[in-house]
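Comments concern the structure below.
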Amino acid sequence: MFKNISVFNTDASSIDTSDKQEETTFTLLYNALAVGELSFNGEKWVFQYTKMFQTQDTIAPIPSFPEKSKIYISEELWPFFQARIPSIKQPKIRAIIEKENIKENDIIGLLKLFGARSINNPFVLQA
């Protein structure tokens with residue numbers, strides 16, 4: 001499913017990628033503007049900009065996704081989104097994961113739990 005996934009600040013070898021992941025969609029926001037949608041269809045990740053973002057010219061595209069009209073597809077979650085998941089080796093993070101009953105290999109669950117904000121960029125990711 002998530003072959004060779006490497007989550008920033010996480011020991012990728014500790015993530016078992018054999019479990020089936022649920023289908024889901026996230027919305028990427030900048031202030032009140034819906035910038036794009038990240039979705040997982042059970043096998044592949046898809047990112048595309050919203051029509052509203054495509055027609056504006058104030059905010060530049062994300063460097064990892066430079067073409068506004070392109071639909072990006074990958075078997076692995078892009079580093080731009082991976083960076084939102086903290087290292088599961090941190091004791092505080094491990095405690096939160098256990099308390100929330102989320103598996104270490106549940107990338108979608110981890111994104112829902114930790115992915116809303118990142119120190120790396122001003123975007124908000126909503127599940």
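For (1) farther than 29 Å from LYS51 by Cβ; (2) in a loop (DSSP other than H, G, I, E, B), each residue gets a yes or a no:
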position: GLU67; (1), (2): no, yes
position: ILE73; (1), (2): no, no
position: ARG94; (1), (2): yes, no
position: ASN101; (1), (2): yes, yes
position: GLU104; (1), (2): yes, yes
position: ALA116; (1), (2): no, yes
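For the range 66-81, a residue qualifies if it is in contact with a Lys or Arg (Cβ under 8 Å, 6 or more places away or on another chain) and of a type in the set (A, V, I, L, M, F, W, C), and exactly one does: ILE73. Of all residues in the range 24-48 being loosely packed, with under 12 Cβ neighbours inside 10 Å and of a type in the set (Gly, Ala, Ser), which is farthest from the chain's Cα centre (by Cα)? By that ranking, first place goes to ALA32. With LYS92, LYS103 as the choices, which residue is more than 15 Å from the chain's Cα centre (by Cα) and touching a residue at least 40 places away in the same chain (Cβ under 8 Å)? Of the residues listed, the single one that is more than 15 Å from the chain's Cα centre (by Cα) and touching a residue at least 40 places away in the same chain (Cβ under 8 Å) is LYS103.
Being under 14 Å from GLY115 (Cβ atoms) and not in a strand (DSSP E or B) holds for only one residue in PHE81, PHE53, and it is PHE81.
Since every read-out is calculated from the coordinates, none of them should be taken as a lab result. This is a predicted model, so every value here is computed, not measured. Heads up, the Cβs are rebuilt from the backbone with ideal geometry, glycines too, and the neighbour counts pull from every protein chain shown.
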